[in-house]
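The values are calculated or read from the model by the stated rules, or taken from the named source; none is laboratory data. Nothing here was measured: the structure is a model prediction, and the numbers come from that model. Using ideal geometry, Cβ is built from the backbone for each residue, glycine included, and neighbour counts are taken over all protein chains shown.
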Amino acid sequence: MGDLFAEADSGAPLPLVAMGPRERTQADYSGTGLTTGPHPMAYARKKLDELDVWRATDLEQATTGMRLRVAGLVTCRQRPGTAKGFVFVSLEDETPDQVVPGKRGVVGPLRATSRP
């Protein structure tokens, strides 16, 4: 019986084009729900910085009543909100997770967006 991997070591061109970093991350999340590569938010960070979107680790610098923008993958959302109308959302970006509190109606609508 021949070598099972003899053809793989033949040096023949591969039939598939190699995936880029974003494609690999997307494939990881599609297949397993996680990745060992860069966090998806890392690919958008330059644009998010231009839009003054805060990283989770920067939220410690925020002051009471301050309005700011955050972005990330929602890993947990409190449902329903509290009796006083507060909503707590756990966001994951390329830095450690943060719980983001906000008043219902002040917190923008949580919506799923995906950009290639």
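The table that follows gives values for the structure above.
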{"item": "Selection status of Leu16, out of contact with any strand residue (DSSP E or B) (no Cβ under 6 Å at 6 or more places or on another chain) and hydrophobic (A, V, I, L, M, F, W, C)", "result": "yes"}
{"item": "Residue list for the stretch 38-53, filter: among the hydrophobic types (A, V, I, L, M, F, W, C) and assigned to a helix (DSSP H, G or I)", "result": "Met41, Ala42, Ala44, Leu48"}
{"item": "Cross-chain or 6+ apart pairs with Cβ under 9 Å, the stretch 80-106 first and under 27 Å from Tyr43 (Cβ atoms) and at pLDDT below 75, then acidic (Asp, Glu) and surrounded by 17 or more Cβ atoms within 10 Å (Cβ to Cβ)", "result": "Gln98/Glu92"}
{"item": "Test: residue in the stretch 24-31 that is closer than 14 Å to Pro96 by Cα and either within 17 Å of the chain's Cα centre (by Cα) or modelled with pLDDT under 85 (or both)", "result": "no"}
{"item": "Pick from the stretch 60-74, criterion among the hydrophobic types (A, V, I, L, M, F, W, C) and in a strand (DSSP E or B), ranking: surrounded by the most Cβ atoms within 10 Å (Cβ to Cβ)", "result": "Val70"}
{"item": "Test: residue in the stretch 19-29 that is in a helix (DSSP H, G or I) and either small (Gly, Ala, Ser) or closer than 14 Å to Gly72 by Cα (or both)", "result": "yes"}
